[in-house]
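Following: one structure in structure tokens, then a few remarks.
Each reported figure results from applying straightforward, stated rules to the coordinates on display, with no laboratory input. Model, not experiment: these values are computed from the prediction. Note that we place each Cβ from the backbone using ideal geometry, even for glycine, and neighbour counts take in every protein chain shown.
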Amino acid sequence: MTSRSAKPPWFTFLLVAQNTFDDRLSLKDLDGVRVTVEGSLPRAAAADALRRAVEMQLSSATIRILSLGEFPTGDPHLRVTVSTSPERNALQAASVQVDFVQIVFMRRNPSITFNRAETWKADAQVILAPAADLAREVQREAARQVEQFIRDYKAANA
């Protein structure tokens with residue numbers, strides 16, 4: 001009889017969003033970005049750790065991180081939203097979505113502004129993983145989506 005690993009498998013499901021050329025252009029000439037993490041994470045400290053990891057990834061790509069006291073034109077935010085399910089059979093699901101939001105106005109009526117309109121969005125992921133590994137898998141998936149943002153940001157600012 002052959003021994004099998006007792007470690008349960010984890011799965012990732014890709015939900016594809018199509019970024020257009022116009023979406024990437026919304027990333028042009030930014031003064032920097034602020035990173036926010038929203039939603040339910042496996043541990044309270046996980047949100048701060050995830051935000052710091054995203055900020056480090058952006059800084060490594062020479063994208064300026066804005067402090068809480070800075071409010072440049074458009075108040076640009078790279079937003080990481082995480083939603084988790086209750087644990088069941090030692091597994092837990094999470095959806096991870098990285099998008100870019102900023103203040104925008106309607107071209108036909110510039111006096112109308114929208115606070116935090118989404119102008120760019122990464123390909124979303126839903127993760128199913130052992131509950132003990134969920135925070136690590138969420139961070140890995142967020143890093144993949146932030147890399148997509150970095151590529152589009154660099155293409156828009158080339």
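Phi-derived couplings, Karplus 6.51 cos²θ - 1.76 cosθ + 1.60 at θ = phi - 60°, listed residue by residue for region 98-113: 10, 9, 10, 10, 7, 6, 10, 10, 7, 4, 6, 8, x, 6, 9, 10 Hz, with x used for Gly and Pro. With K and R counted +1 and D and E -1, the other residues having a Cβ less than 14 Å from that of Ala143 yield a net charge of +1.
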